[in-house]
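See below for the structure under consideration.
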Amino acid sequence: MPKVTVDGVEIEVPLGATVLQACELAGKEIPRFCYHERLSIAGNCRMCLVEVAPGPPKPQASCALPAADGQIIRTDSAMVKKAREGVMEFLLINHPLDCPICDQGGECDLQDQAMAYGRGSSRYDENKRAVDDKYMGPIVKTAMTRCIQCTRCVRFSEEVAGTPEMGMLFRGEDAQITSYLEKALQSELSGNLVDLCPVGALLSKPYSFEARPWELKRVPGIDVMDAVGTNIRMDVRGRQLMRILPRINDAVNEEWAHDKTRHHVDALVRGRLDRTWVREKGKLREASWGEALDVFAKQLTKTGKSVAAIAGDLLDAETMYAAKALLAGQGSSLLEGRQTGLEYDVTSLGAVRFNTPLAELENADAILLVGSNVRWEAPLVNTRLRKAARRGAKVFAIGPEVDLSYPVEWLGDDLALLDKLPKAAADAIGNAKKPVMIVGPGALGAGALGAALAATVPFIKGDWNGFNVLHIAASRMAGLMLGYAQKGGIAYIEKAKPELVLLLGADEVPAANFSNAFKVYIGHHGDAGAAQADLVLPGAAYSEKHGTWVNIEGRVQRGERATFPPGDAREDWTILRAVSDLIGRPLPFDDLGQLRAAMVAEVPALGQEGIVDMPWSPPQLDAKASGPVAYPIKDFYLTNAICRASPTMQRCSEELVHGVDYAEAAE
């Protein structure tokens, strides 16, 4: 390992590190605009200048200079100070004086570094240049006169998102960043461009002019738009959630979040259930909590053990446990979370989870996708697979062809291929050191779990388990751990003909499934579940309650409450606790702490954050599968009740999925 001296302190740095990284290891702050840890090195902003000996007697860009043994690096010399002031002066030559009205104000890299490294006055007297704003779709707003051509957005689009739609046109003073043909960005990760932009050139269009960063309270949470468990930060002003940003977690989402995660927030104040409703003569009428709970309690008493609970895709573990405890008091165990009819075997949880740690996916050298449009089902898993593909991994897929943003060899659309892969694919997987199979919901829906498990032999080598099941519901793994899965799936619940069905945020259950049952909907949006219910009880959205979620890996994570539910809405478990009192069988918890303690006593794995130990013991299932695959997600932006209530998600769907053209007024 090379030894370098930074401002008089000698340190060892990893082989291949840059001078900038060496300075950071020594605790020195190096200003930068173009450099980003997760992108390739461009070396075009020159803000990271340092003095290095041996070497030419001039400042050098530390981001592009390899650290070598014996280097003496100065970050605080007069030469460095003057050079950085000069670079900042050049950057500000054409930058507009927009800080008072710029949405980036208060969290702008250029603003911060101009204060720290800039001159006290400007010497520039010429006219500033101006650049036309570009249209980039419903997520990204532009103010391109502010752009400093750092090219972070260009590199992210090409390297991480896999949609090389942006680039630089012209040269010198005329240089400008644009999306080619100025069309809407087609990437489901385009919101990350706003975070990457170090100035106010790329902004969040839905959040524009809504709040200033110093007005906001920051609350950590877990995203529920898919089953990856993206770590997020919820920014709150007063009683309203204003925006969502990703938190850095290298083991889960790195520092990215997809557009559904970021921009569904406008739905949390739209289409909400904020009062109770009772159906009389086919129509819902408003009721009080007392009346609604009495109706609920009478129905529970009347139906006895003929009661079932269906968990929705966004549900937290605490609510599922409370409902399970309520049904146990009734003598019922009719629990199901797979609303759309999936019925795979769950006797071994290790056989239905994502066994390869997400961070390890990028080290895979052969990948087989089975019935998975992973770009829509889990975009941040897709970014890991793209990394692997860029490093040389061969990717094979069984299913209808879609654009996954990296080269894929499509083997066909017949699941019978699992029994005998083409020779090229079989050889590549057999010779790989770290092969990965991802079984998506399309394959699960076609009953191919047994065939996939039978094909796992080349994917499991020593400590490496490359067999992975990709779920798309945030509540799925916690639901399986809590027993929300019947042999036969939701069809088994139907055959049992329950007289009372609890729809716990379940909006994907067809209305005809339980047409003769009394349906109680506990949820937060007036979506399909509420439309078919006989009793509607307003619950809390995921951002309005403390909750536990388990991601596809079996990683237990907890989110905090950012805001309170609107109107008369209550946290879901408190509703179940209240009705248990009315029927004379009170649940044994009065607060969240007691509820969690009871849940952990029954399922100890839910008590400690981190990946749960699920032994690999695959069941013996029917190993035959055939027929085509149907991907369950038809529209990436409208997959749940919250998204369907979001104007931003509706516009994304219309423009990016269905090709509707929007005319933008000139500003």
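Along the charge dipole of the chain, which of A325, V236, L49 sits closest to the positive end, that is, farthest toward it, with unit charges on the beta carbon of Lys, Arg, Asp and Glu (+1, +1, -1, -1)?
A325
Once fully extended, how much extra length lies between R270 and L582, figured as 0.36 nm per residue of separation less the alpha-carbon to alpha-carbon distance?
Gain on extension, R270 to L582, equals 109.1 nm.
Could you order the peptides 305-318, 397-410 from most to least packed, using the average number of other C-beta atoms within 10 Å per residue?
In decreasing order of mean packing, 305-318, 397-410 become 305-318, 397-410.
DSSP beta bridges in the chain, what fraction antiparallel, as a percent rounded to 5?
55 percent
So for the chain, taking the charge dipole from beta-carbon charges (+1 Lys/Arg, -1 Asp/Glu), which of C197, P400, L576 sits furthest toward the positive end?
Value: L576.
Quickly work out the W289-to-Y180 label distance, labels modelled 7 Å from Cα along the C-beta direction, and quote it in nm with one decimal.
So the two model labels end up 5.7 nm from each other.
Rounded to the nearest 5, what % of the DSSP beta bridges within the range 520-652 are antiparallel ones?
Roughly 60 percent of the DSSP beta bridges within the range 520-652 come out antiparallel.
Amide H of M437: which non-local residues (sequence gap of 5 or more, or other chain) have their own amide H closer than 5 Å, using H built in the peptide plane?
For M437, whose amide H was placed from the backbone, the distant partners under 5 Å are L368, F467, N468.
Run the dipole for the chain about the Cα centre, Lys and Arg Cβ at +1, Asp and Glu Cβ at -1, nothing else charged, and hand back the magnitude in debye, nearest 20.
For the chain, the charge dipole is close to 520 debye.
What percent do you get for the relative contact order of the chain when only Cα pairs under 8 Å and 6+ apart count?
14 percent
Can you list which of the DSSP-assigned H helices in the chain have a Cα extent of 18 Å or more along the long axis and an average Kyte-Doolittle score of at least 0.0?
Once both thresholds are applied, what remains is 78-93, 317-330.
How large is the helix-only mean residue ellipticity at 222 nm for the chain, computed as the sum of -39500 (n - 2.57) over DSSP H runs with n ≥ 4, divided by its residue count, in deg cm²/dmol to the nearest 500?
It comes out at -6500 deg cm²/dmol, rounded to the nearest 500.
Per the 1.4 Å probe, what fraction of the accessible area of the chain, in percent, lies on carbon and sulfur atoms?
51 percent
Please work out which option in (i) 13, 26, 22, 20, 14, 5, 1, 0; (ii) 17, 45, 30, 7, 0; (iii) 15, 39, 35, 10, 1 gives P(r) over Cα pairs in 20 Å bins from 0, in percent calculated from these coordinates, and answer with its label.
The value computed from this structure is option (ii).
Output ³J(HN,Hα) for the range 28-40: one whole-Hz value per residue in order, computed from phi by the Karplus curve 6.51 cos²θ - 1.76 cosθ + 1.60 with θ = phi - 60°, and x for Gly and Pro.
Taking θ as phi minus 60°, the curve returns 9, 8, 10, x, 7, 10, 7, 6, 9, 4, 9, 10, 5 Hz for the range 28-40.
For the range 404-412, take each phi angle, set θ = phi - 60°, evaluate the Karplus expression 6.51 cos²θ - 1.76 cosθ + 1.60, and give the result in whole Hz per residue in order, putting x for glycine and proline.
9, 6, 8, x, 10, 9, 7, 7, x
Counting only C-alpha contacts under 8 Å and six or more residues apart, can you give the relative contact order of the range 373-471 as a whole percent?
Relative CO of the range 373-471 lands at 22 percent.
Calculate the dipole size of the range 44-100 relative to its Cα centre from +1 charges on Lys and Arg beta carbons and -1 charges on Asp and Glu beta carbons; express the result in debye to the nearest 20.
Here the size comes out at about 120 debye.
Describe numerically, in nm with one decimal, the distance between label points set 7 Å from Cα along Cα→Cβ at E210 and at K81.
Spacing of the two 7 Å Cα→Cβ label points: 4.3 nm.
Taking the DSSP beta bridges in the range 388-481 as the whole, what percent of them are antiparallel, to the nearest 5?
Antiparallel bridges: around 25 percent, rounded to the nearest 5.
Select from G610, T303, A531 the residue farthest towards the positive end of the dipole of the chain; place +1 on Cβ of Lys and Arg, -1 on Cβ of Asp and Glu, and compute about the Cα centre.
Going by the Cα projections, it comes out as T303.
Relative to the present Cα-Cα distance, how much length would full extension add between A416 and R239 at 0.36 nm per residue of separation? Don't jump to the answer; show the numbers that get you there.
Working: separation 177, 0.36 × 177 = 63.72 nm, distance 5.32 nm.
Length difference between fully extended and current span is 58.4 nm.
Which whole-number percent gives the relative contact order of the range 1-143, counting Cα pairs below 8 Å spaced six or more residues apart? Walk me through the numbers on the way to the answer.
Working: 196 pairs, mean separation 30.2, N = 143.
For the range 1-143, the relative contact order is 21 percent.
Order 433-446, 284-297 from most to least packed using the mean count of other Cβ atoms within 10 Å.
Highest mean packing first, the order is 433-446, 284-297.
Could you sort out which of K394/K461; K134/K217; K28/K134 sit more than 30 Å apart by Cα distance in this structure?
Exceeds cut-off: K134/K217; K28/K134.
If the only charges are +1 at each Lys and Arg Cβ and -1 at each Asp and Glu Cβ, what is the size of the charge dipole of the range 199-346 around the Cα centre, to the nearest 20 debye? Don't skip to the answer; put the middle values down first.
Values: 23 positive and 21 negative charges, 148 e Å.
With only Lys, Arg, Asp and Glu charged at Cβ, the dipole is about 720 debye.
Could you pull out every one of the lysines with an alpha carbon less than 25 Å from that of K298, ignoring same-chain neighbours closer than 8 positions?
K281, K283, K324, K495, K497, K519
Kindly rank 628-638, 652-662 from highest to lowest mean number of other beta carbons found within 10 Å of each residue.
628-638, 652-662
The values are calculated or read from the model by the stated rules, or taken from the named source; none is laboratory data. It should be emphasised that the depicted structure is a prediction, and the values quoted were computed from it without experimental measurement. Positions of Cβ are backbone-derived with ideal geometry, glycine not excepted, and every protein chain shown enters the neighbour counts. Please note that ligands, DNA and RNA were not included when accessible areas were found on the heavy atoms of the full protein model with its side chains. Shrake-Rupley method; radii C 1.70, N 1.55, O 1.52, S 1.80 Å.
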